[in-house]
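Peer 1: Submitted below is the structure of interest, expressed as structure tokens.
The values are calculated or read from the model by the stated rules, or taken from the named source; none is laboratory data. These figures come from a predicted structure and were not determined experimentally. Here the Cβ positions follow ideal geometry from the backbone for every residue, glycine too, while neighbour counts run over all protein chains shown. Each accessible area value is taken on the protein alone, full model and side chains, heavy atoms only, with ligands, DNA and RNA left out. Shrake-Rupley method; radii C 1.70, N 1.55, O 1.52, S 1.80 Å.
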Amino acid sequence: MSLNYIKNFYEGCLRPPTVIGQFHTLFFGSVRMFFLGVLGFAVYGNEALHFSCEPEKREVNLFCYNQFRPITPQVFWALQLVTVLVPGAVFHLYAACRNIDQEDILQKPTYTVFYILSVLLRIVLEVVAFWLQSHLFGFQVNPLYKCDAGALDKKFNFTRCMVPEHFEKTIFLIAMYTFTVITVVLCVAEIFEILCRRLGFLNNQ
């Protein structure tokens, strides 16, 4: 499943009923995916090839790289994007099966509650992803990584590895943290917009 497919699906089928939600769709579908798909590949695409510990011992390099990256950042962020899509996808598929339009979501309390729950679940998933990212990758990439290669060969014990483009990776990490925070803020703002419009609809009634 390509990032372009996810983007088109999100923008075409999952159009939110609020202005902030639609802005979030644009932000999520365009900026964040472009940043990950294009710049993420440029920064992390050849990391394993340039990760160097023992130039003459490839098995040590591979062992230490797997220790340094239990999961590659690109895979983690792609899983994060797909996971965050799930609550909205489930709700909108349900709405499509029941022929629920955008006005029904804002006017009928049951649909409003279900939609707010889907946004809250999206917030929870983003917060969990933020926590996991901080534990897996930290907030800064150091130029040197101290690898415990003793399990591979007792002769090596600890060895130092060179991390390529560590400064660019640090900037990219900060950017991805920032995108997560912005997404959470937009989700919270969307909930407030839904509640305000719901109250306005009740007042008009």
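Peer 1: Tell me which of these Ile20 doesn't satisfy, since it passes every other one: (1) closer than 19 Å to Thr183 by Cα; (2) at pLDDT below 75; (3) open to solvent by 20 Å² or more (accessible area, probe 1.4 Å).
Peer 2: Exception for Ile20: condition (2).
Peer 1: Exactly one condition in (1) at pLDDT below 80; (2) within 27 Å of Ser134 (Cβ to Cβ) is false for Glu103; which is it?
Peer 2: (2)
Results for (1) in contact with a strand residue (DSSP E or B) (Cβ under 7 Å, 6 or more places away or on another chain); (2) at pLDDT below 85; (3) basic (Lys, Arg), shown as yes or no for each residue.
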| residue | (1), (2), (3) |
| --- | --- |
| Val128 | no, no, no |
| Trp131 | no, no, no |
| His135 | no, no, no |
| Leu144 | yes, no, no |
| Ala151 | no, yes, no |
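Peer 1: Which of the residues belonging to the stretch 53-83 are assigned to a helix (DSSP H, G or I) and either under 13 Å from the mean Cα position of the chain (by Cα) or closer than 19 Å to Leu125 by Cα (or both)?
Peer 2: Step one: filter the stretch 53-83 for residues assigned to a helix (DSSP H, G or I), giving 58-68, 73-83.
If the condition is that a residue be assigned to a helix (DSSP H, G or I) and either under 13 Å from the mean Cα position of the chain (by Cα) or closer than 19 Å to Leu125 by Cα (or both), then Pro73, Gln74, Val75, Phe76, Trp77, Ala78, Leu79, Gln80, Leu81, Val82, Thr83 are the ones that fit.
Peer 1: Please state which one of Arg160, Arg98 is in contact with a Lys or Arg (Cβ under 9 Å, 6 or more places away or on another chain) and open to solvent by 20 Å² or more (accessible area, probe 1.4 Å). Give the derivation first.
Peer 2: Details: Arg98 fails: in contact with a Lys or Arg (Cβ under 9 Å, 6 or more places away or on another chain).
After ruling out the rest, the residue left standing is Arg160.
Peer 1: Residues of the stretch 28-52 being surrounded by 15 or more Cβ atoms within 10 Å (Cβ to Cβ) and assigned to a helix (DSSP H, G or I), which ones?
Peer 2: Phe28, Gly29, Arg32, Met33, Phe35, Leu36, Gly37, Gly40, Val43, Tyr44, Glu47, Ala48
Peer 1: Hey, another quick one. Scanning for something more than 30 Å from Ala189 (Cα to Cα) and open to solvent by 50 Å² or more (accessible area, probe 1.4 Å), does the stretch 120-142 turn up at least one residue?
Peer 2: Let us first name the residues in the stretch 120-142 that are more than 30 Å from Ala189 (Cα to Cα), namely 141-142.
Of the ones still in play, those that are also open to solvent by 50 Å² or more (accessible area, probe 1.4 Å) are 142.
Scanning the stretch 120-142, I find at least one residue that is more than 30 Å from Ala189 (Cα to Cα) and open to solvent by 50 Å² or more (accessible area, probe 1.4 Å), so the answer is yes.
Peer 1: Search the stretch 92-114 for residues that are without any contact (Cβ under 8 Å) to a residue 12 or more places away in the chain and acidic (Asp, Glu) and pair each with any residue that is in a loop (DSSP other than H, G, I, E, B) and open to solvent by less than 30 Å² (accessible area, probe 1.4 Å) when their beta-carbon atoms are under 9 Å apart and the residues are at least 6 apart or on different chains.
Peer 2: Final answer for the pair search is Asp101/Pro17; Asp104/Pro17.
Peer 1: Between residues in the stretch 115-131 that are outside any helix (DSSP H, G or I) and residues that are surrounded by fewer than 20 Cβ atoms within 10 Å (Cβ to Cβ) and of a type in the set (A, V, I, L, M), which pairs lie under 7 Å by C-beta distance while being six or more apart or on different chains?
Peer 2: From residues that are outside any helix (DSSP H, G or I), there are no pairs.
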